[in-house]
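One structure is given here, and the rest of the page talks about it.
The values are calculated or read from the model by the stated rules, or taken from the named source; none is laboratory data. As the structure is a prediction and not an experimental result, all values here were calculated from the model. Quick reminder, even Gly has a Cβ in these numbers, built from the backbone with ideal geometry, and neighbours come from all protein chains shown. These accessible areas exclude ligands, DNA and RNA; they are computed on the full protein's heavy atoms, side chains included. Shrake-Rupley method; radii C 1.70, N 1.55, O 1.52, S 1.80 Å.
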Amino acid sequence: MYTMEDLNLVMKERLKKAQMFEEQGIPLYPNTYKVLHKTKDVITGAGPKSDEELERESMRFVLAGRIMAIRSFGKSIFMHIQDEFGRIQIYLQKNKLDAEKFKLAKKFDVGDIIYVEGVAFRTKTKELTILAEDVALITKNLRPLPEKYHGLKDVEIRYRQRYLDLIVNTHVREVFKKRTEIVQSVRKFLCDRGFLEVETPMMQLIPGGATAKPFKTFHNALGIELYLRIAPELYLKRLLVGGFEKVFELNRNFRNEGISTQHNPEFTMLEFYEAYATYEDFMKLTEELFTFLCEQLNNGNLKITYQGNEIDLTPPWKRYRFMESLEQIGGFSEDTLKDFGKTAELAKSMGIKPEKYEGHGKLLTKLFDVAVEPKLIQPTFITHYPLEVSPLSRRNDMEPDFVDRFELFIAGREMANAFSELNDPRDQKERFLKQLEAKRAGDEEAHEMDEDYIRALEYGMPPAAGEGIGIDRLVMLFTDMPSIRDVILFPLLKPEK
RNA sequence: GGGCCGUUAACUCAGUUGGUAGAGUAUCUGCCUUUUAAGCAGAGAGCCGCUGGUUCGAGUCCAGCACGGCCCA
């Protein structure tokens, strides 16, 4: 229980009040009140009516909500209560309420959840209000809410105690509702096109499908180490082998890496795969997906604002080959880029120190990250990535050092990664072996060998395209939020103490 | 991992060259039947993030640590 000593004054008062209520037989946490309406019912139902109509019709509402403000007089009280959908003013008049109920209502605190039954009317200042005829305590608040005017600003508390953030900062609720709408729209888009939603293992023996450090866990009964997945990719492609031709998975991935405004250790990823399609088909599909999202979320308006930049999502989007982008956007000379030695010199001059295990392709992507990616504000596809950094992509038929792959950038951030899938088991095995070499040379993020995946490819995987889209970043884009923590309900933080 | 910034009442924030800790909101006690950042009068409320150091004296200066934010790797 609570030791009175370590509580602030307000909490002591509330506990005292709670005790007093209980002594009077007033339950603090009853669950017997039937709530028939929401604040939005009042607003849509009574809002359009004239003052005279409201008086004539006396529309009754039965509501519940959290008290967000109290303005109390001797014989009348105004309150604002808030439910999931909004706020409404309540007016309690001494001569309109049972004497005991009015006395009780006088003792309500900001933060309490209450039950109100009454009739809609408009006050002198024309605010739609419920004149209470019955009122009751539903849940007693013991901890004071943040100040009503400035609200809760402390970001640490906002993230640690998201429930408080959601109570006080209503725009935060809107962000997370929009997140849900985005996820549902993405699902609808894919389902409408015949993609089958599937669930593959989050706990994997071999963490594959991406280059990243995994989280390790342990299964007691089997006595084996398992990894939280860094990507579902290899399992989804096993399903292509199995005969499913269009599949997708939209769920959590886990990467054991740093935390930043762009990275949370667990994040939500969409991956989808289509047999007999190519990465070029998927560029078109991706443009269609974003157009669809704008229809669903933005009234079809293809222009959105992100952190002060206007972004025009009208297709077709710009396309550059990877090497082309380094020359035209990065401003590097072809001569330098084609030569490993010169590329390494250039990288060093830019403060990038090449690792022993990093080849030409890897260095080029590091240059890209610094000199090209931040400049890709408008939606841009970058195609034909170096083979070295694409261990699961199909080799380009004309240029065997490059792959049939694209990444999509918007607002200077990678939004999607897609490629025609490598389905030649011999080539795949060779690529895995290359990755093992890099691993031995010290690359902790190199891809693991997955023998069963090779075995699956040996049965024959149809040619296919696959794509991954980071949902958190997508939500950031559509909600104009600068940090990934603003679109994840409970972002990972260090323990408080 | 590095740099910069922040941490003072429940919340939002002040705090002067180092000299007894401040405001508004919230809380409590009065008054008040159409208020809305209600109002008026009064009262209470602090591990100044933590640990050390300098000093007669530290919220303030110095060092270390913790947590958070932004930027960089």
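A few comments on the model shown:
- Test result for A:Leu477, assigned to a helix (DSSP H, G or I) and buried (at least 17 other Cβ atoms within 10 Å of the Cβ): yes
- A count restricted to region A:90-108 and to residues that are open to solvent by 20 Å² or more (accessible area, probe 1.4 Å) and either of a type in the set (A, V, I, L, M) or in a loop (DSSP other than H, G, I, E, B) (or both) stands at 4.
- Test result for A:Glu324, surrounded by fewer than 17 Cβ atoms within 10 Å (Cβ to Cβ), modelled with pLDDT of 90 or more, of a type outside the set (Lys, Arg) and over 19 Å from A:Lys375 (Cα atoms): no
- Filter result for A:Pro462 (touching a residue at least 24 places away in the same chain (Cβ under 8 Å) and open to solvent by 10 Å² or more (accessible area, probe 1.4 Å)): yes
- Total residues in region A:439-450 satisfying the condition of being open to solvent by 20 Å² or more (accessible area, probe 1.4 Å) and touching a Phe, Trp or Tyr at 6+ places or on another chain (Cβ under 9 Å): the figure is 7.
- Whichever residue in region A:406-432 is touching a residue at least 12 places away in the same chain (Cβ under 8 Å) and among the charged types (D, E, K, R) and, among such residues, is most open to solvent (accessible area, probe 1.4 Å): A:Lys429
- If you go through region A:98-127 and keep only what is within 10 Å of RNA strand B (Cβ to nearest atom) and over 35 Å from the mean Cα position of the chain (by Cα), you end up with A:Phe102, A:Lys106, A:Lys107, A:Phe108, A:Phe121, A:Arg122, A:Thr123, A:Lys124, A:Thr125, A:Lys126, A:Glu127.
- Identity of the residue in region A:338-386, farther than 23 Å from A:Phe282 by Cα, assigned to a loop (DSSP other than H, G, I, E, B) and open to solvent by less than 40 Å² (accessible area, probe 1.4 Å), that ends up farthest from RNA strand B (Cβ to nearest atom): A:Gly359
- Among the residues of region A:146-167, those identified as open to solvent by 60 Å² or more (accessible area, probe 1.4 Å) and near RNA strand B (Cβ under 10 Å from one of its atoms) are A:Glu147, A:Lys148, A:Tyr149, A:His150, A:Lys153, A:Asp154, A:Val155, A:Glu156, A:Arg160.
- Condition check for A:Arg87: of a type in the set (Lys, Arg) and over 24 Å from A:Gly45 (Cβ atoms): no
- Single condition A:Leu54 does not satisfy, out of (1) open to solvent by 50 Å² or more (accessible area, probe 1.4 Å); (2) of a type in the set (A, V, I, L, M, F, W, C); (3) in contact (Cβ under 8 Å) with a residue 60 or more places away in the chain; (4) farther than 12 Å from A:Asp83 by Cβ: (1)
- Odd one out for A:Gln435, checked against (1) open to solvent by less than 10 Å² (accessible area, probe 1.4 Å); (2) more than 16 Å from RNA strand B (Cβ to nearest atom): (1)
- Scanning region A:109-139 for residues that are outside any strand (DSSP E or B), under 17 Å from A:Ala64 (Cα atoms) and either in contact with a His (Cβ under 7 Å, 6 or more places away or on another chain) or open to solvent by 10 Å² or more (accessible area, probe 1.4 Å) (or both) yields A:Asp109, A:Val110.
- Considering only residues in region A:481-491 that are in a loop (DSSP other than H, G, I, E, B) and near RNA strand B (Cβ under 8 Å from one of its atoms), the one that is surrounded by the fewest Cβ atoms within 10 Å (Cβ to Cβ) turns out to be A:Pro482.
- Among residues of region A:168-183, those that are away from RNA strand B (no atom under 12 Å from the Cβ) and open to solvent by less than 30 Å² (accessible area, probe 1.4 Å), counted: 5
- Residue check, A:Ala416 on the phi < 0 side of the Ramachandran plot and outside any strand (DSSP E or B): no
- Just one of the numbered conditions (1) within 28 Å of the chain's Cα centre (by Cα); (2) free of Cβ contacts under 8 Å to residues at least 60 places away in the same chain; (3) open to solvent by 70 Å² or more (accessible area, probe 1.4 Å) is not true of A:Phe254: (3).
- Any hit, region A:76-88, residues being away from RNA strand B (no atom under 15 Å from the Cβ), under 30 Å from A:Lys49 (Cβ atoms) and open to solvent by less than 50 Å² (accessible area, probe 1.4 Å): yes
- Pairs where the first residue, in region A:140-156, is within 15 Å of A:His80 (Cα to Cα) and the second is within 6 Å of RNA strand B (Cβ to nearest atom) and in a loop (DSSP other than H, G, I, E, B), C-beta under 8 Å, 6+ apart: A:Leu145/A:Val110; A:Lys148/A:Val110
- Filter result for the condition that a residue is touching a strand residue (DSSP E or B) at 6+ places or on another chain (Cβ under 6 Å), more than 25 Å from A:Ala411 (Cβ to Cβ) and not small (Gly, Ala, Ser), over A:Glu458, A:Glu444, A:Glu421, A:Glu451: A:Glu421
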